[in-house]
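Asks: Input: one structure, supplied below.
Please treat every number below as a calculation from the coordinates, not as lab data. Keep in mind the model is a prediction, meaning the values are calculated, not measured. All Cβ positions, even for glycine, are placed from backbone atoms using ideal geometry, and neighbour counts span all protein chains on display.
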């Protein structure tokens with residue numbers, strides 16, 4: 001299996017622009033998680049899905065952030081409008097309930113810079 | 001107080017040393033405990049997984065959980081330069097929920 005695939009790997013944009021991050025989970029996994037990592041705050045959950053349904057979005061910073069999972073093999077995280085404080089590395093992870101659901105496999109991340 | 005506390009280091013040791021990495025937590029409901037390793041500019045990868053209290057060993061790595069003290073440890077024996085990375089502890093109270101991560105300890109093993 002190719003693992004969790006994220007795109008793009010790097011994104012540089014200007015303040016106010018829309019940013020879309022993409023994730024393809026491991027085939028057969030039924031949980032998908034979006035995390036954000038910064039030096040100050042470490043790795044923090046933004047939102048997670050189970051069977052394509054959002055379960056907990058309490059970590060989404062504000063209405064500028066939205067996430068969708070239209071099918072089992074694809075999810076997007078959108079920031080509109082972007083701000084410099086959104087600069088971070090965004091990770092997608094997936095897991096399988098039959099494996100305990102806690103063993104999460106991470107993608108390589110998208111490094112976002114908002115100028 | 002953050003739910004999970006982890007000394008950020010950095011920790012520098014010579015090759016062959018025994019390394020001890022630790023996390024403390026405040027939520028007594030946590031029962032799933034993990035250690036992830038993250039190389040620079042890469043995603044975290046699972047290293048050790050433990051349910052409830054006790055020890056687990058895998059090669060040079062040993063994970064310990066002491067729920068009574070709300071304290072978990074990762075020991076690395078015969079450390080190698082390839083072990084140089086950031087080590088993140090993570091935990092949760094239920095299966096299939098989000099993990100709560102420590103901020104990570106950066107380890108450097110010199111040859």
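Asks: Want the number for residue B:29 to residue B:69: 0.36 nm per residue separation, take away the alpha-carbon distance, what's left? It would help to have the intermediate numbers written out before the result.
Replies: Values: separation 40, 0.36 × 40 = 14.40 nm, distance 1.28 nm.
Length gained between residue B:29 and residue B:69: 13.1 nm.
Asks: Pull out the extension gain between residue A:7 and residue A:38, defined as 0.36 nm times the separation in residues minus the alpha carbon to alpha carbon distance; nm, one decimal.
Replies: Taking 0.36 nm per residue and subtracting the Cα distance, the gain is 9.3 nm.
Asks: If you don't mind, there's one more thing I want to ask. At a Förster distance of 25 Å, what's the computed FRET efficiency of residue B:42 paired with residue B:78, Cβ-Cβ distance as r, to 0.05? Present the calculation step by step, with values, prior to reporting the outcome.
Replies: Values: r = 23 Å, r/R0 = 0.92.
The pair residue B:42/residue B:78 has a calculated efficiency of 0.60.
Asks: Also: Please give the average number of partner chain Cβ atoms lying within 10 Å of the Cβ of each residue in B:100-108, rounded to a whole number.
Replies: Values: counts 4, 7, 2, 7, 4, 0, 0, 0, 0.
Averaged over the peptide's residues, the number is 3.
Asks: Next up: For the range B:1-63, what is the relative contact order in percent, using Cα pairs closer than 8 Å and at least 6 residues apart in sequence? List each step's numbers first, then the result.
Replies: Details: 58 pairs, mean separation 14.3, N = 63.
Once normalised by length, the contact order is 23 percent.
Asks: Rounded to the nearest 5, what % of DSSP beta bridges with both residues in chain A are antiparallel?
Replies: Numbers: 36 of 40 bridges.
Bridges in chain A are about 90 percent antiparallel.
Asks: Follow-up question, since we're still on this one. With springs only between Cα atoms under 10 Å apart, run a GNM on chain B and tell me which of B:17, B:95, B:63 wobbles the most.
Replies: In this elastic network of chain B, the residue with the biggest mean-square fluctuation among B:17, B:95, B:63 is B:95.
Asks: Also, I was wondering about something else. When B:62, A:20 are ordered from fewest to most other Cβ atoms inside 10 Å of their Cβ, what list results?
Replies: Values: B:62 17, A:20 14.
By the 10 Å Cβ count, ascending: A:20, B:62.
Asks: Something else: Can you say what percent of the DSSP beta bridges in the protein assembly as shown, counting only those with both residues inside, are antiparallel? Round to 5.
Replies: Percentage antiparallel, nearest 5: 90.
Asks: A follow-up question, please. Percent antiparallel among DSSP beta bridges with both residues in chain B, to the nearest 5?
Replies: Values: 38 of 42 bridges.
Antiparallel: roughly 90 percent of the beta bridges in chain B.
Asks: For labels at residue B:108 and residue B:93 in the simple 7 Å Cα→Cβ model, what's the distance in nm?
Replies: In this crude label model, residue B:108 to residue B:93 measures out at 3.9 nm.
Asks: Here's another thing I want to ask about it. Using the eigenvalues of the Cα gyration tensor, what equivalent ellipsoid semi-axes result for the protein assembly as shown when each is taken as the square root of five times the eigenvalue, whole Å, largest first?
Replies: On the way: eigenvalues 173, 82, 52 Å².
Semi-axes from the Cα gyration tensor: 29, 20, 16 Å.
Asks: How long is the range B:58-111 along each principal axis, judged by its Cα atoms, biggest number first, in Å?
Replies: That gives 40, 20, 19 Å along the principal axes, largest extent first.
Asks: For the range A:1-40, what is Rg from Cα atoms divided by 2.2 N^0.38 Å, rounded to two decimals?
Replies: Expressed relative to 2.2 N^0.38 Å, the Cα Rg reads 1.45.
Asks: I want to make sure I understand the PRE zone here: with the label point 7 angstrom from the Cα of residue A:97 toward its beta carbon, which residues in the range A:45-67 have backbone N atoms less than 17 Å away?
Replies: Counting backbone N atoms under 17 Å from the label point, the list is A:48-56.
Asks: Using a 10 Å cut-off around each Cβ of peptide B:91-98, what is the average number of partner chain Cβ atoms that fall inside?
Replies: Shielding by partners across B:91-98 averages 6.
Asks: Same structure, new question: When you take every Cα atom in the range B:16-111, what is the radius of gyration, and what is Dmax, the widest Cα pair distance, in Å?
Replies: Cα-based Rg and Dmax for the range B:16-111 come out at 13.0, 41 Å.
Asks: If you don't mind, there's one more thing I want to ask. What do the square roots of 5 times the Cα gyration tensor eigenvalues come to for chain A, in whole Å, largest first, as semi-axes of the equivalent ellipsoid? Present the calculation step by step, with values, prior to reporting the outcome.
Replies: Details: eigenvalues 108, 37, 34 Å².
In descending order, the three semi-axes are 23, 14, 13 Å.
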